[in-house]
Amino acid sequence: QVRLVESGGDLVQPGGSLRLSCAASRSIFSFYIMGWYRQAPGKQRELVATITRDGNSIYVDSVKGRFTISRDNAKNTVYLQMNSLKSEDTALYYCNTYPPTAEYWGQGTQVRVSS
């Protein structure tokens, strides 16, 4: 069992940047793929980006070139650097394994992009 705690969300203007963090209660090295997900109001949760243990990453088309996922296995932390934020990036952001493990969903961190 592992507890994942997301942080770093905030209200930011369009074009701004945020760095989200996901701290795990134990080693994430055993999780080959970690991912960031988001759920916008009135929409289903969607996958945003994934990263393998070796650092290979994949992104959904809508964030390519703007978001960067990374992981520090020694610190049991996964990050999501978000640049050039748009209003459509407004959502509750979660991290989890990929594919997601039901019991690992945390509270998420809220990102709001608005002028």
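For the chain, taking the reciprocal of the average inverse distance between every pair of different Cα atoms yields a Kirkwood hydrodynamic radius of 13.9 Å. Free of any chymotrypsin sites (Phe, Trp or Tyr not before Pro) that DSSP assigns to a loop and that have at most 16 other C-beta atoms within 10 Å, the longest stretch within the chain is 33-104.
Please report, in debye to the nearest 20, how large the charge dipole of the chain is about its Cα centre when each Lys and Arg carries +1 at its beta carbon and each Asp and Glu carries -1 there.
Details: 13 positive and 9 negative charges, 18 e Å.
Dipole of the chain, to the nearest 20 debye: 80 debye.
Here segment 71-115 has 42 percent of its accessible surface on carbon and sulfur atoms, given a 1.4 Å probe and all protein chains in place. Applying the criteria of a DSSP loop state and at most 12 other Cβ atoms within 10 Å to the trypsin sites (Lys or Arg not before Pro) of segment 15-67 yields Arg26, Lys43, Lys64. Take segment 3-112 with all the other protein chains still there, run a 1.4 Å probe, and you get 53 Å² of accessible area per residue.
Taking all protein chains as they are arranged and a probe of 1.4 Å, the heavy atoms of Thr101 leave approximately 40 Å² accessible to solvent.
The values are calculated or read from the model by the stated rules, or taken from the named source; none is laboratory data. Computed from a prediction, not measured in an experiment: that's the story for all the values here. Counting neighbours? That spans all protein chains shown, and the Cβs are built from the backbone with ideal geometry, glycine included. Note: accessible area is taken over every heavy atom of the protein model, side chains too, but ligands, DNA and RNA are not part of it. Shrake-Rupley method; radii C 1.70, N 1.55, O 1.52, S 1.80 Å.
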